[in-house]
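Enquirer: The structure under discussion is supplied below as structure tokens; questions concerning it will follow.
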Amino acid sequence: MTGKLAETLTQQGSQVVVITLLQFLNPEVSLPKAVKRVVIEDYSEADLQQQLKAIASKYGSVAAMIYLHPQLPNQEQEHKMLKQVFFLAKYLKPTLERASQQGSSCFITVAHLDGELGTSGNGKSAVIGGLLGLTKALRWEWSSVFCRAIDLASDLDTSTSVKHILAELHDPNRLIAEVGYSSKGRTTLVC
């Protein structure tokens with residue numbers, strides 16, 4: 001899905017940089033030539049901060065962050081990834097807030113729980129719930145930054161998944177914090 005989303009965003013005029021942790025690098029994922037990939041080898045907080053500074057220096061300030069949570073084989077790896085997303089949020093906060101003052105910015109997370117925000121009873125991981133929770137919390141803390149959590153059912157094909165991500169990216173209703181997509185359609189929660 002990473003390659004297709006990057007390709008579509010590039011075609012729409014965005015400059016896309018894909019950040020990948022070396023441990024989770026999938027060599028089968030091909031990216032369009034216009035898309036740059038930054039591979040982070042060290043998982044320390046300091047290294048991530050340095051890499052983000054290098055990206056900003058080389059490609060410009062980050063205005064949008066779309067995190068695609070990979071389907072991982074165990075909870076230990078999911079915990080590592082979630083920790084990195086927390087660090088990304090921490091170090092991207094000033095950049096995203098500045099970008100929101102100059103136009104718009106976003107922090108979007110995409111996971112594969114059940115496509116129904118955990119309401120189907122077929123959820124896979126409590127860690128993914130933490131990812132959704134982080135995004136919802138950031139929505140309150142970063143009022144100027146568009147934050148949304150997206151839960152895609154695992155059985156959705158790549159083109160459909162990308163279509164849903166783009167629809168949410170451009171959704172004018174900023175009051176919605178989380179959205180799920182499954183074969184049943186779009187799911188939101190009402191409190």
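The values are calculated or read from the model by the stated rules, or taken from the named source; none is laboratory data. Keep in mind that this is a model prediction, so the values were computed, not measured. A quick note on method: Cβ atoms are made from the backbone with ideal geometry, for glycine too, and the neighbour counts reach across all protein chains shown.
Enquirer: Restricting attention to the stretch 15-41, report how many residues are farther than 17 Å from residue 51 by Cβ and modelled with pLDDT under 80.
Expert: Of the residues in that region, 4 qualify.
Enquirer: Let me ask you something else. Give the residue that is surrounded by the fewest Cβ atoms within 10 Å (Cβ to Cβ), with candidates limited to residues of the stretch 2-42 that are acidic (Asp, Glu) and closer than 28 Å to residue 76 by Cβ.
Expert: Going through the qualifying residues, I end up with 28.
Enquirer: Out of the residues in the stretch 171-191 meeting the condition of being among the small types (Gly, Ala, Ser) and in a loop (DSSP other than H, G, I, E, B), tell me which one is farthest from residue 112 (Cα to Cα).
Expert: Among those residues, the one meeting the criterion is 177.
Enquirer: Looking at (1) at pLDDT 95 or above; (2) surrounded by fewer than 16 Cβ atoms within 10 Å (Cβ to Cβ), find the lone condition where residue 79 falls short.
Expert: (1)
Enquirer: So, one more: Within the set of pairs 6 or more residues apart or between chains, which connect a residue that is of a type in the set (Ser, Thr, Tyr) inside the stretch 112-141 to a residue that is surrounded by fewer than 20 Cβ atoms within 10 Å (Cβ to Cβ) with Cβ atoms less than 7 Å apart?
Expert: 125/75
Enquirer: Would you check which residues across the stretch 136-166 are among the small types (Gly, Ala, Ser), more than 14 Å from the chain's Cα centre (by Cα) and either surrounded by fewer than 20 Cβ atoms within 10 Å (Cβ to Cβ) or in a helix (DSSP H, G or I) (or both) and list them?
Expert: 137, 143, 144, 154, 159, listed by residue number.
Enquirer: Moving to a separate point now. Which condition does residue 104 not pass, out of (1) surrounded by 15 or more Cβ atoms within 10 Å (Cβ to Cβ); (2) of a type in the set (Ser, Thr, Tyr); (3) closer than 20 Å to residue 172 by Cβ, if it passes all the others?
Expert: Unmet condition: (1).
Enquirer: Would you mind telling me which numbered condition in (1) under 17 Å from the mean Cα position of the chain (by Cα); (2) modelled with pLDDT of 90 or more; (3) surrounded by 19 or more Cβ atoms within 10 Å (Cβ to Cβ) residue 113 fails?
Expert: Single failed check for residue 113: (2).
Enquirer: Please state which of the following conditions residue 174 fails to meet, knowing it meets all the rest: (1) more than 17 Å from residue 70 (Cβ to Cβ); (2) touching a residue at least 40 places away in the same chain (Cβ under 8 Å).
Expert: That leaves (2) as the condition not met.
Enquirer: Kindly list the number of the only condition in (1) part of a loop (DSSP other than H, G, I, E, B); (2) polar (S, T, N, Q); (3) in contact with a Lys or Arg (Cβ under 9 Å, 6 or more places away or on another chain); (4) touching a residue at least 40 places away in the same chain (Cβ under 8 Å) that fails for residue 104.
Expert: Exception for residue 104: condition (3).
Enquirer: Being surrounded by 13 or more Cβ atoms within 10 Å (Cβ to Cβ), in contact with a strand residue (DSSP E or B) (Cβ under 8 Å, 6 or more places away or on another chain) and among the charged types (D, E, K, R), is that true of even one residue in the stretch 123-131?
Expert: No, the stretch 123-131 contains no residue that is surrounded by 13 or more Cβ atoms within 10 Å (Cβ to Cβ), in contact with a strand residue (DSSP E or B) (Cβ under 8 Å, 6 or more places away or on another chain) and among the charged types (D, E, K, R).
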